[in-house]
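Data block below; observations after.
Please treat every number below as a calculation from the coordinates, not as lab data. Everything numeric in this text was worked out from a predicted model, so none of it was measured.
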Amino acid sequence: MTSEREGLIKVPRAGNGKKVVMGKRLQPMTADEVAAKRARLETALSDARCRRDESARLLERSVGRLVGERDGDRRKMAVQMADEITARHIAGLHAYNEIRDLAKALLAKCTDLAGERIAETNARFDAPES
């Protein structure tokens, strides 16, 4: 089923295999291409979560190793390890935020072109609301 919007050609709904018009400057994408892009974004998010979990495990092991060392050295090493883990975590957050922002921009463009509410577009693409 398609919907019409002033100044644009008919915009097919996702899932029918037809080209989804993304605007004059963007290349048209099929619903399969949108699904593939979403899968890539979900994979990148999953990888970022794995890196975060790995950092947490590393911190737990590192703190365990520090037990029994001199207090001054232990504090310095703990601060250094915490700084390294924090830096990795922040880099992962930056990557996640970039991916999330791109996904939201794509959904906003689809919402605008289809002339519907954001909640409807999120439901159509099975996207979370936040």
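In table form, for the structure just shown:
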| quantity | calculated |
| --- | --- |
| Backbone HN-Hα couplings from phi across segment 90-105 [Karplus 6.51/-1.76/1.60, Hz, Gly and Pro as x] | 5, 4, x, 5, 4, 5, 4, 5, 5, 5, 4, 5, 5, 4, 5, 5 |
| Vicinal HN-Hα couplings computed from phi for segment 108-121 (Karplus, 6.51 cos²θ - 1.76 cosθ + 1.60; Hz; Gly/Pro x) | 5, 5, 4, 4, 4, 5, 7, x, 10, 7, 4, 4, 5, 5 |
| HN-Hα J in Hz across segment 38-50 - Karplus 6.51, -1.76, 1.60, θ = phi - 60°, x for Gly and Pro | 4, 4, 5, 5, 5, 5, 4, 5, 4, 4, 5, 5, 5 |
| Amide H contacts under 5 Å for Met29, placed H, 5+ residues apart | Val20, Met22 |
